[in-house]
Amino acid sequence: MSTQAKRVYGYLAEFKSASALYKAAEKVRDAGHKKWDCYSPYPIHGLDHAMGMKKSILPYLVFCGGTIGFITAVLLAYTTQVVIYPTVVQAKPANLFTISAFFPIMFELTILFSGFTTLFGLLALMQLPRLNHPLFESKQFGRVTDDKFFIAIEARDPKFAKATVKELLEDAGGTNLELVEEPVS
Amino acid sequence: MGHFITSKDIPANGEHLAKGGLKLPILISGLVAIVGLIISLYLLFSGNAFNNKPADINAGRFAYSWLFAFIFFVSFPLGGCFWLLLHHLSNSGWGVSVRRVMENLATVFPWMGLLAIPFLFPEVQQHLFEWMNSHREIMGVEPSKSMSILNADMYANATKELHHGTGTFDHMLYKKAFYMNLPAWLIRMVLYFVALGASMIILKKISVNQDHDENPGIKRLIRARKLSAAFLPIFALTVTFLAFDLLKGLDFKWFSTMYGVYFFAGCALNGMALLILTTIVLRRMGYLNQIMSPEHHHIMGKLTFAFVVFWAYISFSQFFLIWYANITEETSYFLLRNTENWNIASIALVIGHFAIPFLLLMRADVKKKPGLMIPIMIYLFVLHALDHYLIVAPERGPSLTGGKHLFPTSGGSVIYDLLAFATVGSFFLWFYLRSFTKNSLYPNRDPRILESANLFN
């Protein structure tokens with residue numbers, strides 16, 4: 001017998017098809033659970049609506065990132081090309097009104113900073129990268145990358161109770177219900 | 001999203017405007033157009049050719065007003081042509097609900113050709129296109145005998161004179177004479193409206209016939225798609241060379257290879273903006289509610305957003321290359337538009353035509369709210385008018401005063417601009433609104449109308 005201490009991660013239920021998963025997700029959403037997720041081999045159109053997910057805050061982060069990139073570019077180009085060391089070519093002036101010469105720089109830095117914010121903001125919001133996930137404790141969960149669909153309701157959820165969650169998932173059409181436990185390190 | 005739309009929700013004969021639904025706006029625009037046209041024709045042709053009496057200055061000023069108003073209002077139907085051709089060619093399913101509105105907009109284009117007729121007369125041309133004056137002068141043609149330039153032999157000799165003759169004629173006019181000569185110019189002007197106009201009428205006819213066919217099938221869709229592949233080059237050539245002939249020709253010494261696509265960007269942007277505005281108004285009047293949803297407005301808003309960026313990209317590219325290269329022939333355009341107060345308008349265009357709509361149209365929920373889209377679309381029209389005003393109007397002063405003044409004589413020009421704007425605008429509105437009263441408001445028997453009605457993106 002293992003002496004490893006374990007704690008309950010959540011209940012896992014398997015679904016046969018994308019539409020079964022979609023309908024089950026609506027039921028779990030209506031039951032008022034907050035900490036749960038759907039797992040599927042491929043993206044399912046409209047599943048975020050079925051899960052009742054709020055809009056991500058990522059766009060706002062990207063907007064801020066882009067704005068910071070824009071301001072950086074304006075300051076960078078203006079300071080170097082107008083204040084510190086104007087490059088005079090063909091007697092063209094260097095002042096606020098020649099700022100259009102720096103538009104490419106503003107464009108590039110806006111794109112670069114919003115691109116970085118998108119990537120790193122996304123990783124941060126998804127709490128990636130991570131080395132392991134408690135659901136990997138479940139043998140059957142491996143088929144999520146193949147042909148099976150899963151819903152896991154986590155124990156962190158305020159409404160989590162083994163009996164009611166089990167009943168809910170069974171009602172929703174889930175099979176192979178499994179209480180996933182993760183080792184406490 | 002409401003319930004799933006089925007064929008039961010779609011009336012067998014489509015939705016038609018209630019009798020007299022648009023009667024008042026049509027009547028008003030028709031009356032304004034008639035009164036405006038009479039005054040406009042008087043102003044355009046009141047001046048005598050080739051002398052400098054005040055009456056001619058007035059006629060010259062109004063010629064520019066007319067060109068500005070014409071080019072502004074012709075850009076909407078051109079945008080409609082583009083979106084209709086793109087709809088057929090890309091085999092798009094979502095656009096079926098809006099297709100009839102696109103068709104109505106596109107088929108205004110041939111009628112706009114009527115307003116281009118004044119440009120065919122030397123009395124109007126002499127103020128706008130200096131190269132024509134040079135050509136006429138070298139040929140010794142009296143303006144009253146304008147059609148004699150169609151004599152080919154005479155013209156061939158005359159173009160040689162452009163080069164070898166004495167006087168102010170330069171090598172550039174000689175080199176450009178293969179394109180910029182009067183017979184070719186006149187033929188092109190007629191061809192634009194006949195060729196593209198006929199294309200649009202054919203496409204609309206195919207679509208309208210579908211409305212009355214009990215068992216339409218897909219044969220018309222495939223025919224329209226094949227025809228659109230042939231019509232798209234016609235559209236591209238028309239929009240490019242119309243801009244060259246009417247706008248770039250104002251200053252024959254200027255070069256820009258971006259010019260055609262610059263004009264196109266404005267056409268596509270404001271064509272889509274007008275489509276959005278029209279569908280919102282129709283929905284507010286109680287039509288199109290079964291087959292259109294905020295999803296359609298979302299897609300159309302995204303296209304508008306894309307073309308706000310495209311317009312900025314193209315117009316900036318044009319400016320940027322010229323600014324860097326700093327060649328005299330190229331910089332003249334922007335020098336003129338950055339002299340004295342025109343500078344304010346140029347800068348306003350950068351902020352108002354790009355930065356502000358870019359930020360306004362960024363959010364998805366804004367595109368889905370008609371109450372917000374109406375003011376944004378009207379704002380886009382205002383800035384589009386400023387864009388085209390800045391193309392046409394700065395040429396007026398230097399051309400009419402022989403390069404002495406930036407603005408021609410004192411004041412008054414703006415009143416002319418408004419008069420021409422109201423005339424051409426109401427003429428456009430009359431044709432546009434009337435086309436809605438004739439057929440169903442959407443292609444109700446199209447095989448993909450349900451796909452479009454249940455759009456989700």
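The values are calculated or read from the model by the stated rules, or taken from the named source; none is laboratory data. Computed from a prediction, not measured in an experiment: that's the story for all the values here. Every residue, glycine among them, receives a Cβ derived from its backbone with ideal geometry; neighbour counts consider all protein chains shown.
Yes or no: A:Glu14 away from chain B (no Cβ under 14 Å) and in contact with a Ser or Thr (Cβ under 6 Å, 6 or more places away or on another chain)? Yes; evaluated as a whole, the condition is true for this residue. Could you identify the single residue in B:Ser315, B:Ser332 that is within 24 Å of B:His405 (Cα to Cα) and either within 11 Å of chain A (Cβ to nearest Cβ) or assigned to a helix (DSSP H, G or I) (or both)? Within the list B:Ser315, B:Ser332, the selection yields B:Ser332.
So that you can scan it fast, the table gives a plain yes or no per residue for (1) away from chain A (no Cβ under 14 Å); (2) over 24 Å from B:Ile378 (Cβ atoms):
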site	(1), (2)
B:Phe255	yes, yes
B:Met292	yes, no
B:Lys302	yes, no
B:Asn326	no, yes
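Residue-level check: of (1) on the phi > 0 side of the Ramachandran plot; (2) more than 14 Å from chain B (Cβ to nearest Cβ), A:Ala5 misses just (1). Within region B:413-450, being under 25 Å from the mean Cα position of the chain (by Cα) and assigned to a loop (DSSP other than H, G, I, E, B) holds for B:Thr437, B:Lys438, B:Asn439, B:Leu441, B:Tyr442. Report whether or not A:Lys166 is among the basic types (Lys, Arg), touching a residue at least 60 places away in the same chain (Cβ under 8 Å), more than 14 Å from chain B (Cβ to nearest Cβ) and not in a helix (DSSP H, G or I). Answer is no for this residue. Annotation: B:Ser399 fulfils all but one of (1) in contact with a Gly (Cβ under 9 Å, 6 or more places away or on another chain); (2) among the hydroxyl-bearing types (Ser, Thr, Tyr); (3) surrounded by fewer than 16 Cβ atoms within 10 Å (Cβ to Cβ); the unmet one is (3).
Taking every residue in region B:102-125 that is surrounded by fewer than 19 Cβ atoms within 10 Å (Cβ to Cβ) and pairing it with any residue that is in a helix (DSSP H, G or I) and among the aromatic types (Phe, Trp, Tyr), at least 6 positions away or on another chain, the pairs with Cβ-Cβ distances below 6 Å are B:Trp111/B:Phe431; B:Gly113/B:Phe193. For region A:75-86, the criterion of being exposed (fewer than 12 other Cβ atoms within 10 Å of the Cβ), hydroxyl-bearing (Ser, Thr, Tyr) and not in a loop (DSSP other than H, G, I, E, B) is satisfied by at least one residue. Taking the stated definitions as given, is B:Leu406 under 30 Å from A:Phe107 (Cβ atoms), over 23 Å from the mean Cα position of the chain (by Cα), surrounded by fewer than 18 Cβ atoms within 10 Å (Cβ to Cβ) and not polar (S, T, N, Q)? Answer is no for this residue.
Can you confirm whether region A:103-110 contains a residue that is more than 14 Å from chain B (Cβ to nearest Cβ) and at pLDDT 90 or above?
Yes: one or more hits.
Every listed requirement among (1) under 30 Å from A:Ala172 (Cβ atoms); (2) assigned to a helix (DSSP H, G or I); (3) without any contact (Cβ under 8 Å) to a residue 24 or more places away in the chain; (4) not β-branched (Val, Ile, Thr) is met by A:Pro43 save one, (2).
Pairing residues of region A:129-152 that are part of a strand (DSSP E or B) with residues that are of a type in the set (S, T, N, Q), at Cβ distances under 9 Å and at least 6 apart in sequence or on separate chains, gives A:Phe149/A:Ser17; A:Phe149/A:Ser40; A:Phe150/A:Ser40; A:Phe150/A:Ser138; A:Phe150/A:Gln140; A:Ala152/A:Ser138. Here A:Lys27 meets the list (1) touching a residue at least 12 places away in the same chain (Cβ under 8 Å); (2) part of a loop (DSSP other than H, G, I, E, B) almost entirely, failing just condition (2). In region B:431-452, the condition of being within 21 Å of B:Ile291 (Cβ to Cβ), away from chain A (no Cβ under 14 Å) and among the acidic types (Asp, Glu) is met by at least one residue.
Say we look at region A:87-100 and pick out the residues that are among the aliphatic types (A, V, I, L, M) and within 12 Å of chain B (Cβ to nearest Cβ); which of these is surrounded by the most Cβ atoms within 10 Å (Cβ to Cβ)?
Once the filter is applied, the top-ranked residue is A:Ile99.
For region B:15-30, a residue qualifies if it is within 21 Å of B:Phe73 (Cα to Cα), in contact (Cβ under 8 Å) with a residue 12 or more places away in the chain and among the aliphatic types (A, V, I, L, M), and the qualifying residues are B:Leu22, B:Ile26, B:Ile28.
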